[in-house]
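Asker: Structure in structure tokens, see below.
Bear in mind that the values in this text are calculations on the coordinates, not laboratory data. None of these values were measured; they are calculated from a predicted model. A quick note on method: Cβ atoms are made from the backbone with ideal geometry, for glycine too, and the neighbour counts reach across all protein chains shown.
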Amino acid sequence: MAIKTILCIEDDRFIGEMYVRSLKKAGYDVDWVVDGNDGLVTARNKPYDLMLLDVMLPERRGTEILDALKGGAEDLIPHTKVIVLTNFEQDDASRIAMQKHADAYLIKAEITPKRLIEVIHQLDTL
């Protein structure tokens, strides 16, 4: 399955605009929401090939979104790959729990738009 549609859940305006601009330039169809509640509703209501998920969000944290979508008895987004993006230092248990439901776990400070697109291309070949 080729990745074409992306949901970006990111509250930092600068980072969100940078990701969206770069991803659209690379040919992806991108929707962007800035808080956790909107992110959860959007992810449930429209199928996406990939979700970029920030951890620290207003209204609802990324961990809660991931638990609601993939952590229960039913995977609500079985065909959606998930990349968790954070600058938040998490304890090992929290990070490992998120990684179990995510396809990639990236530190924002270390990821340029070009590198993000490279990671998406790698996920696309899996």
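Asker: Convert each backbone phi in the stretch 56-71 into a coupling constant with the Karplus relation 6.51 cos²θ - 1.76 cosθ + 1.60 (shift: θ = phi - 60°), then list the ³J(HN,Hα) values in order as whole Hz, x for Gly and Pro.
Answerer: 8, 10, x, 6, 7, 6, x, 4, 5, 5, 5, 4, 5, 8, 10, x
Asker: Could you give me the radius of gyration and the Dmax of the chain, taking only the C-alpha atoms into account and expressing both in angstrom?
Answerer: In Å, with Rg to one decimal and Dmax whole: 13.2, 37.
Asker: Based on the Cβ-Cβ distance from MET56 to GLU17, what FRET efficiency comes out when R0 is 22 Å, to the nearest 0.05? Don't jump to the answer; show the numbers that get you there.
Answerer: Details: r = 18 Å, r/R0 = 0.81.
My answer for the efficiency is 0.80.
Asker: Taking amide H positions as placed 1.01 Å from N in the peptide plane, with prolines and chain starts having none, which residues 5 or more places from LEU57, or on another chain, fall under 5 Å of its amide H?
Answerer: Long-range HN contacts for LEU57: GLY62.
Asker: What is the magnitude of the charge dipole of the chain about its Cα centre, with +1 placed on the Cβ of each Lys and Arg, -1 on the Cβ of each Asp and Glu, and no other charges, expressed in debye to the nearest 20?
Answerer: The calculation lands at about 420 debye.
Asker: Under a 5 Å amide H to amide H cut-off, with H placed in plane at 1.01 Å, what residues pair with LYS81 once short-range neighbours are removed?
Answerer: Here LEU50, MET51 satisfy the definition.
Asker: Pop out the ³J(HN,Hα) list for the stretch 26-32 in order, Karplus 6.51 cos²θ - 1.76 cosθ + 1.60 with θ = phi - 60°, rounded to Hz; leave Gly and Pro as x.
Answerer: Each residue's phi maps through the Karplus curve to give 7, x, 8, 8, 10, 10, 10 Hz.
Asker: Taking loop as defined by DSSP and a crowding limit of 16 other beta carbons within 10 Å, which GluC sites (Glu not before Pro) in the stretch 1-93 fit?
Answerer: GLU59, GLU74, GLU89
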